[in-house]
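S.K.: Sharing a structure below in structure tokens format, with a few things to ask.
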Amino acid sequence: MTRLLIMGPPGAGKGTQAKKIAERLSIPAISTGDILRQNVEDRTLLGREAARYLDAGELVPDEIINGMVRARLDEPDTDHGFLLDGYPRTLAQVGTLDDILADEGVSLERVLVLTVDPDELVKRVLNRAQESGRSDDTEDVIRRRLEVYSEQTEPLLDVYDGRGLLVPVNGMGEVNEVTERVLSALAK
Ligand code: B4P
């Protein structure tokens, strides 16, 4: 059973690494960002509500995200573990995740944190902007996403550190090199 979180600022490589690590561990990678973008594309009610927050680089309100994650973690493919990417991002979301796991009588095993130099973060997201067409990959919105991360999400690292779950991993360098670093950190 493997229940993991992957955290880090925008551009740290969370989504990139989550997919690779989840595949190696045979567990689903669950990205709240991907679920939101899919809803925007499908023009669902949730997507129409979320779009304005995504476009501005702001966090989508906790009630929306918490309901979405609760429903996703109820699906049977998570019975043998999961890797959550991009959730939780606020202290309220930490509380909800704790409740969801407590209801199932299980707990988190590790919280991976990718660390990357600030200049490299902006460079990576701007690179992606040229191809992705993501509405939040413009320079102004990226800067706002970085601010939101340090104001609202970074404090969560202390919470998980206090619980002895934090596993910091150097996210600089080639994608495959980072994956191997993460896997060897998990094996310790
Ligand atoms: P996310 O989808 O999580 O977007 P992100 O923080 O930018 O991370 P992402 O996974 O896309 O980027 P990554 O670091 O992998 O969230 C988007 C928005 O959704 C948020 O701003 C918010 O509005 C909303 N949202 C999501 N979750 C929420 C929640 N829980 N609560 C409220 N709102 C929520 O990588 C970025 C780039 O770097 C990629 O182009 C990749 O190719 C490149 N890269 C990765 N590793 C690299 C490496 N080693 N070398 C070079 N490039 C690399």
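S.K.: Just to be sure before I move on: is Arg145 closer than 20 Å to Arg89 by Cα and not hydrophobic (A, V, I, L, M, F, W, C) in the structure I sent?
M.R.: Values: closer than 20 Å to Arg89 by Cα: yes; not hydrophobic (A, V, I, L, M, F, W, C): yes.
Answer is yes for this residue.
S.K.: Another question, if that's okay. Determine the pairs where a residue that is under 16 Å from Glu58 (Cα atoms) and touching a residue at least 60 places away in the same chain (Cβ under 8 Å), located within the range 77-98, has a partner that is within 12 Å of the ligand (Cβ to nearest atom) and basic (Lys, Arg) with Cβ atoms under 8 Å apart, the partner being 6 or more residues away or on another chain.
M.R.: Filtered contacts from the range 77-98: Gly86/Lys14.
S.K.: Is it the case that some residue within the range 114-136 is within 18 Å of the chain's Cα centre (by Cα), part of a strand (DSSP E or B) and surrounded by 12 or more Cβ atoms within 10 Å (Cβ to Cβ)?
M.R.: Yes, the range 114-136 contains at least one residue that is within 18 Å of the chain's Cα centre (by Cα), part of a strand (DSSP E or B) and surrounded by 12 or more Cβ atoms within 10 Å (Cβ to Cβ).
S.K.: Can I ask one more? Restricting to the range 154-169, and then to whatever is buried (at least 16 other Cβ atoms within 10 Å of the Cβ) and assigned to a strand (DSSP E or B), can you tell me which residue is nearest to the ligand (Cβ to nearest atom)?
M.R.: Ranking the qualifying residues of the range 154-169, first place goes to Val169.
S.K.: Suppose the filter is over 23 Å from Val182 (Cα atoms) and within 17 Å of the chain's Cα centre (by Cα); does Leu91 pass it? Explain how you work it out, then say what you get.
M.R.: Values: over 23 Å from Val182 (Cα atoms): yes; within 17 Å of the chain's Cα centre (by Cα): yes.
Yes: the conditions hold for Leu91.
S.K.: For the range 1-56, what are the residues that are in contact with a helix residue (DSSP H, G or I) (Cβ under 9 Å, 6 or more places away or on another chain), among the basic types (Lys, Arg) and within 12 Å of the ligand (Cβ to nearest atom)?
M.R.: Lys14, Lys20, Arg37
S.K.: Still on this structure, I have one more. Pairs needed: first member in the range 16-42, within 25 Å of Ala56 (Cα to Cα) and at pLDDT below 95; second member anywhere, of a type in the set (A, V, I, L, M) and not in a helix (DSSP H, G or I); C-beta distance under 7 Å; at least 6 residues apart or different chains.
M.R.: Every condition considered, no pair remains.
S.K.: Related question: Kindly evaluate Glu147 against the criterion of being loosely packed, with under 13 Cβ neighbours inside 10 Å, more than 9 Å from the ligand (Cβ to nearest atom), under 17 Å from the mean Cα position of the chain (by Cα) and not small (Gly, Ala, Ser).
M.R.: On the way: loosely packed, with under 13 Cβ neighbours inside 10 Å: yes; more than 9 Å from the ligand (Cβ to nearest atom): yes; under 17 Å from the mean Cα position of the chain (by Cα): yes; not small (Gly, Ala, Ser): yes.
It is true that Glu147 is loosely packed, with under 13 Cβ neighbours inside 10 Å, more than 9 Å from the ligand (Cβ to nearest atom), under 17 Å from the mean Cα position of the chain (by Cα) and not small (Gly, Ala, Ser).
S.K.: Restricting attention to the range 1-36, and to residues there that are of a type in the set (Gly, Ala, Ser) and within 23 Å of Ala71 (Cα to Cα), which single residue is surrounded by the fewest Cβ atoms within 10 Å (Cβ to Cβ)?
M.R.: So in the range 1-36, the residues of a type in the set (Gly, Ala, Ser) come out as 8, 11-13, 15, 18, 22, 26, 29, 31, 33.
From what's left, within 23 Å of Ala71 (Cα to Cα): 15, 18, 22, 26, 29, 31, 33.
On the way: Gly15: 15, Ala18: 25, Ala22: 22, Ser26: 9, Ala29: 21, Ser31: 20, Gly33: 18.
My answer is Ser26.
S.K.: I want to confirm something. Restricting to the range 57-67 and keeping residues that are surrounded by 19 or more Cβ atoms within 10 Å (Cβ to Cβ) and assigned to a helix (DSSP H, G or I), which single residue is farthest from the ligand (Cβ to nearest atom)?
M.R.: Asn66
S.K.: If you don't mind, another one. Identify all residues within the range 170-188 that are of a type in the set (A, V, I, L, M, F, W, C), without any contact (Cβ under 8 Å) to a residue 60 or more places away in the chain and away from the ligand (no atom under 11 Å from the Cβ); write none if there are none. So that I can check it myself, show each step before the final result.
M.R.: Within the range 170-188, the subset of a type in the set (A, V, I, L, M, F, W, C) is 172, 175, 178, 182-183, 185-187.
Still in the running and without any contact (Cβ under 8 Å) to a residue 60 or more places away in the chain: 172, 187.
Correct list: Ala187 only.
S.K.: Is at least one residue of the range 75-89 part of a helix (DSSP H, G or I), within 11 Å of the ligand (Cβ to nearest atom) and within 24 Å of Ile142 (Cβ to Cβ)? Spell out how you get there, then give the answer.
M.R.: Step one: of the range 75-89, the residues part of a helix (DSSP H, G or I) are 76-78.
Restricting the remaining residues to those that are within 11 Å of the ligand (Cβ to nearest atom) gives none.
Checked the range 75-89: no residue is part of a helix (DSSP H, G or I), within 11 Å of the ligand (Cβ to nearest atom) and within 24 Å of Ile142 (Cβ to Cβ).
The values are calculated or read from the model by the stated rules, or taken from the named source; none is laboratory data. These numbers come from a predicted model, not from an experiment. All Cβ positions, even for glycine, are placed from backbone atoms using ideal geometry, and neighbour counts span all protein chains on display.
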